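Trainee: Sending over a structure as C-alpha cells; questions will come in a sec.
The values are calculated or read from the model by the stated rules, or taken from the named source; none is laboratory data. Keep in mind it's a predicted model, so treat the numbers as computed, not measured. A quick note on method: Cβ atoms are made from the backbone with ideal geometry, for glycine too, and the neighbour counts reach across all protein chains shown. What goes into the accessible areas is simple: the full protein's heavy atoms, side chains included, and nothing from ligands, DNA or RNA. Shrake-Rupley method; radii C 1.70, N 1.55, O 1.52, S 1.80 Å.
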Amino acid sequence: MTKSTARQFESLKIWESFKDRLPWYFAVSTNHMPAKYLIAKCIPSNLDRLSSANEKELWNEHILLTEVFLDKWKKVRTREMPDLSKAVAGGHHPSLLDLSVELANRMLTHCNFCRWNCKVDRSKGTRHGTCQLESTSRVGSYFHHRGEELIFRGIGGSGTIFFTSCNMRCSFCQNGDISTDKDNGIPITPSALALMAWQLRMEGCHNVNWVGGEPTIHLHTIVEAINLLDSFTKPDTRQLKYIQSVKSDDGNYYFDSWQTNSEHAFYQGQLFNCPQLWNSNFFMSQEAMHILRNIMDVWLPDFKFGPGKCAFDISRTPWYWETVTGNLKLVHEWGEDMVIRHLIMPNHIECCTKPVLEWIAKNMPEVPVNIMDQYHPDNLCDPESSKYRERYNDISRACAPEEISLSYQYAKELGLNFEPLLYEKSAAFYEL
Ligand code: SF4
C-alpha cells in the first residue's frame, strides 16, 4: 500500500456515515491518534513487583489505574496531552499493560475468561474446560481480510488472525475447521503473535482483527502480544518464516505486492500504532471485559440469538442472552466504538432476529448494526455433509428472500442504523 492508498482509506465516502459513530477507531486507524495500548503503556503501576502481589491486590490496582487511563485517554482525545512519544519512551515498568498481562496469566490458573467460568488451571493442563484448551494458543491462519465491513477492510484489508477452538458449539459454524479443531494451525508464542500483528499493520492493514473460533479463550496470549507490539525494529527471520507458514495471503495475486512500510503504522512518526479490533461472540466474563477495556479500540460483537432456547438448542450455550446483553451494555456505557453483527437464520426471525433488533433499538439505537444475510448451512447443518444431524433440519437451508426482506423492514421500522453497512458494497461508498 502506498501512502496515497492510505489516504484513500481516510477519504472513503462511507466515512461520511461513520466518522461520528466510530471516531476513535477512525482516528487510530489513520494514525491521527495513538491506539489505547500505547496510552496504557504510559501509566505506571504503584506495585513494584507484580508477581509478588496476590490477585485481589492486582485487581484493586487495575481499578485504580483504569481511572488514570480514562483521564489520560480523554486528554489525548482533546489534545491536552500532545506528545505521547516521550511518555512511552519513559518506559514505565510495570505499566497498566504489564498489569493486564499479569492478571490474564493469573486468571488462566483458574480460568474465568468466559461465562463458562470453568475454574480449571490451564497453565497445568491437567483438566480441561469447555474450550478444551491449555495454555498454548494456536493460530489457524492470518491475512488481509477482504470480506469484512468496508470500514474495517478498507483498501488494505483487515489484519485478521484466526485462533483455534471456541467456547460455543454453533452447529452451523462457518469456521468449523478451526473452531472445532483445537489442534489446527501452529502453536504460537506471544512474541510470534505480536509479529503477525506487526506484519499485517506494516503491510497496510487498517486494524488487527482478533477472531476465531473465539479470541476470548486466548486472552492471556493476546494481551501479552499487544504488550510486545512496539518491540520490533527488524523482525527475526526465523520467526517470520515460521509464522508465514499460516499466512493465507501467500500466493494470492492481489496481495503478492504488499510490502512492509512504516508509512502505514506510526503515530507521531515514532510509535508503532495499530488499532485493536475485538471480533467476538461476546460470551465473555466481566473480568475479561475489564481487561480489554483499556486495550481495544473498537468492538465487533456477534449478537445471534434471542432470549429463548435457541442458543442452547443450536449452540449448546446456556446463559447466552443475559451474558451477551450484559457485555453489550458495558461497552455502550463506557462510550466505546462498536459495530454489532446479527446473522439472519432461516426459521429464526420471530424468536431471534426480531428480539435481538428490538433489544438494540431499545438500549443502543444509535450503534451501527450489520444485519447479515449470508447464512448458509455448514458443519452439522449441511445436508450434503456426513456430519449432518437431522435435529438441525430447520436451519439446513439458506434464508428465503422474504425472511431477509422482513428482517430489514423490521430494522427500518425500529429506526436502527443498519443501512450504510448494508449498502456499503454500492459503488457510491467507494467514491473518493
Ligand atoms: S476460556 Fe472459557 S471455556 Fe475455556 S476454560 Fe476458560 S472459562 Fe472455560
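Trainee: Of all residues in the range 345-362, how many are among the acidic types (D, E) and open to solvent by less than 50 Å² (accessible area, probe 1.4 Å)? Break it down stepwise before answering.
Mentor: First, the residues of the range 345-362 that are among the acidic types (D, E): 350, 358.
So of that shortlist, the ones also open to solvent by less than 50 Å² (accessible area, probe 1.4 Å) come out as none.
So the answer is 0.
Trainee: Looking at this structure, is F152 at pLDDT 95 or above and either among the hydrophobic types (A, V, I, L, M, F, W, C) or crowded, with 19+ Cβ neighbours inside 10 Å (or both)? Spell out how you get there, then give the answer.
Mentor: Numbers: at pLDDT 95 or above: yes; either among the hydrophobic types (A, V, I, L, M, F, W, C) or crowded, with 19+ Cβ neighbours inside 10 Å (or both): yes.
Judged against the criteria, F152 is a match.
Trainee: Please go through the range 383-400 and pick out each residue that is open to solvent by 90 Å² or more (accessible area, probe 1.4 Å) and part of a helix (DSSP H, G or I).
Mentor: Result: E390, R391.
Trainee: Working carefully through the options I360, I371, find the one that is outside any helix (DSSP H, G or I) and modelled with pLDDT of 95 or more. Walk me through how you get there before you give the answer.
Mentor: Working: I360 fails: outside any helix (DSSP H, G or I).
Every option except I371 fails the conditions.
Trainee: Of (1) open to solvent by less than 20 Å² (accessible area, probe 1.4 Å); (2) under 15 Å from I222 (Cα atoms), T136 satisfies all except one. Which?
Mentor: (1)
Trainee: Now for a different question. Among the strands (runs of 3 or more DSSP E) contained in the range 107-223, which hold 2 or more residues that are within 16 Å of the ligand (Cβ to nearest atom) and touching a residue at least 60 places away in the same chain (Cβ under 8 Å)? Let's see the steps before the verdict.
Mentor: Working: elements: 137-145, 158-163, 186-188, 208-211.
Qualifying strands (runs of 3 or more DSSP E): 208-211.
Trainee: Still on this structure, I have one more. Could you count how many residues in the range 27-42 are surrounded by fewer than 23 Cβ atoms within 10 Å (Cβ to Cβ) and hydrophobic (A, V, I, L, M, F, W, C)?
Mentor: Within the range 27-42, the subset surrounded by fewer than 23 Cβ atoms within 10 Å (Cβ to Cβ) is 27, 30-32.
Checking which are hydrophobic (A, V, I, L, M, F, W, C) leaves us with 27.
Summing the residues that are surrounded by fewer than 23 Cβ atoms within 10 Å (Cβ to Cβ) and hydrophobic (A, V, I, L, M, F, W, C) in the range 27-42 gives 1.
Trainee: For E403, work out the one condition from (1) at pLDDT 95 or above; (2) in contact with a Leu (Cβ under 9 Å, 6 or more places away or on another chain); (3) outside any loop (DSSP other than H, G, I, E, B) it doesn't fulfil.
Mentor: Of everything listed in (1) at pLDDT 95 or above; (2) in contact with a Leu (Cβ under 9 Å, 6 or more places away or on another chain); (3) outside any loop (DSSP other than H, G, I, E, B), E403 misses just condition (2).
Trainee: Looking at the structure I just gave you, is F69 within 20 Å of the chain's Cα centre (by Cα) and either within 24 Å of N273 (Cα to Cα) or assigned to a helix (DSSP H, G or I) (or both)?
Mentor: Answer is no for this residue.
Trainee: Then there's this: Which condition does G212 not pass, out of (1) open to solvent by less than 10 Å² (accessible area, probe 1.4 Å); (2) modelled with pLDDT of 95 or more; (3) under 18 Å from N281 (Cβ atoms), if it passes all the others?
Mentor: With respect to (1) open to solvent by less than 10 Å² (accessible area, probe 1.4 Å); (2) modelled with pLDDT of 95 or more; (3) under 18 Å from N281 (Cβ atoms), G212 is out only on (2).
Trainee: Also: Against the definition (exposed (fewer than 13 other Cβ atoms within 10 Å of the Cβ), assigned to a loop (DSSP other than H, G, I, E, B), modelled with pLDDT of 95 or more and not small (G, A, S)), how does P365 come out, yes or no? Show your work before the answer.
Mentor: Numbers: exposed (fewer than 13 other Cβ atoms within 10 Å of the Cβ): yes; assigned to a loop (DSSP other than H, G, I, E, B): yes; modelled with pLDDT of 95 or more: yes; not small (G, A, S): yes.
It is true that P365 is exposed (fewer than 13 other Cβ atoms within 10 Å of the Cβ), assigned to a loop (DSSP other than H, G, I, E, B), modelled with pLDDT of 95 or more and not small (G, A, S).
Trainee: A further question follows. List, please: which pairs have Cβ atoms under 9 Å, are six or more places apart or on different chains, and start with a residue in the range 394-410 that is under 12 Å from L343 (Cα atoms) and end with one that is open to solvent by less than 50 Å² (accessible area, probe 1.4 Å) and of a type in the set (G, A, S)?
Mentor: Sorted first by the residue in the range 394-410, then by its partner, the pairs are C399/S407.
Trainee: For the range 332-341, does any single residue satisfy the condition of being free of Cβ contacts under 8 Å to residues at least 24 places away in the same chain and assigned to a helix (DSSP H, G or I)?
Mentor: Just the residues of the range 332-341 that are free of Cβ contacts under 8 Å to residues at least 24 places away in the same chain, to begin with: 333, 335.
Remaining after also requiring assigned to a helix (DSSP H, G or I): 333.
The answer is yes; a qualifying residue exists.
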